[in-house]
1. Could I have the simple spin-label model distance between residue 177 and residue 90, label points 7 Å from Cα toward Cβ, reported in nm to one decimal?
2. What residues have an amide H closer than 5 Å to that of residue 163, excluding those fewer than 5 places away on the same chain, when H is modeled at 1.01 Å from N in the peptide plane?
3. Apply the Karplus curve 6.51 cos²θ - 1.76 cosθ + 1.60, θ = phi - 60°, to the phi angles in segment 182-191 and return the couplings in whole Hz, x for Gly and Pro.
4. Which value in nm describes the separation of the simple spin-label points at residue 202 and residue 27, placed 7 Å from the Cα toward the beta carbon?
5. On full extension of the chain, what length is gained from residue 44 through residue 124, given 0.36 nm per residue of separation minus the C-alpha to C-alpha distance?
6. Quick one: which residues, 5+ away or cross-chain, put their amide H under 5 Å from the amide H of residue 98? H built at 1.01 Å from N.
7. Would you mind ranking 48, 115 so that the residue whose beta carbon has the fewest other beta carbons within 10 Å leads the list?
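Readers should treat all values here as calculations from the given coordinates under stated rules, not as data from a laboratory. Note that the coordinates shown come from a computational prediction; the quantities given were computed from them, not determined experimentally. Please note: Cβ atoms are built from the backbone with ideal geometry, for glycine as well, and neighbour counts cover all protein chains shown.
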Amino acid sequence: MKKTMSLLLMSFVGLFGTYAWAGSAREDTVDRLQKSVDVLHAIMATPDKGIPEEVLSNAKCILVVPDLIKGGFIFGGKHGRGVATCRTANGWSAPAFVSVGGGSWGLQIGVEGVDLVMLVMNDQGFQHLLSSKFQLSGEGSVAAGPVGRHASAGTDWKMNTQMLTYSRSKGVFAGITLEGAVVEQDNDSTRAIYGKNMRFRNILSGKVATPGSADAFMQAVARAGQQARIAEARDETK
């Protein structure tokens, strides 16, 4: 009898813990979606100190990682969780959840929280993102993005660079180099929002419906892209 009661109690605790974890994971992910909305609003609110209109309007995918933690003492590291979406024939894809992490070496000390924005600019970068896990490297793979209302004509962002990266600290965007960082699918957040494991490729290719909890994020992405295209077209007519 005691053994049976113990087993039942253990099952109850395990079940309760599972539901508590699921609830916490969902709340954390929904909060991350809202913080990503705030970052996108900041992009639109600071055109002269943000991401150039041409860059944003030509991006194939947008990845936002609010509160990326950078820090260390001699050895350094960075880690954060975020959300990505890509353009499809029917608009932007449902959100796919990602984690970004990696180490570095050098004279460094302290901890800093920044908002990371990564823009995928061509098909090669898109295929990397669809792979569910890849490491950022140099030689055209990833570069610090240009900042300001317009991208300089001398930059090669449009033809060569697969991904452009930005950080936002204290309301100001700046290009950031993330060579060596690993980007991969965040399975915990995926299950928390979609209720089951979903293939990264299927989500970003537009084969998955957008959950209601991500509506605000999707609206912010669409609005940012539309605003950038309108501004770019207006400037071209001047």
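1. Output for this residue pair reads 4.2 nm.
2. Amide H neighbours of residue 163: 121, 142, 143.
3. 10, 10, 8, 5, 8, 5, 4, 5, 4, 5
4. With each label point 7 Å from Cα toward Cβ, the separation is 3.0 nm.
5. 26.1 nm
6. 82, 83, 84, 186
7. 48, 115
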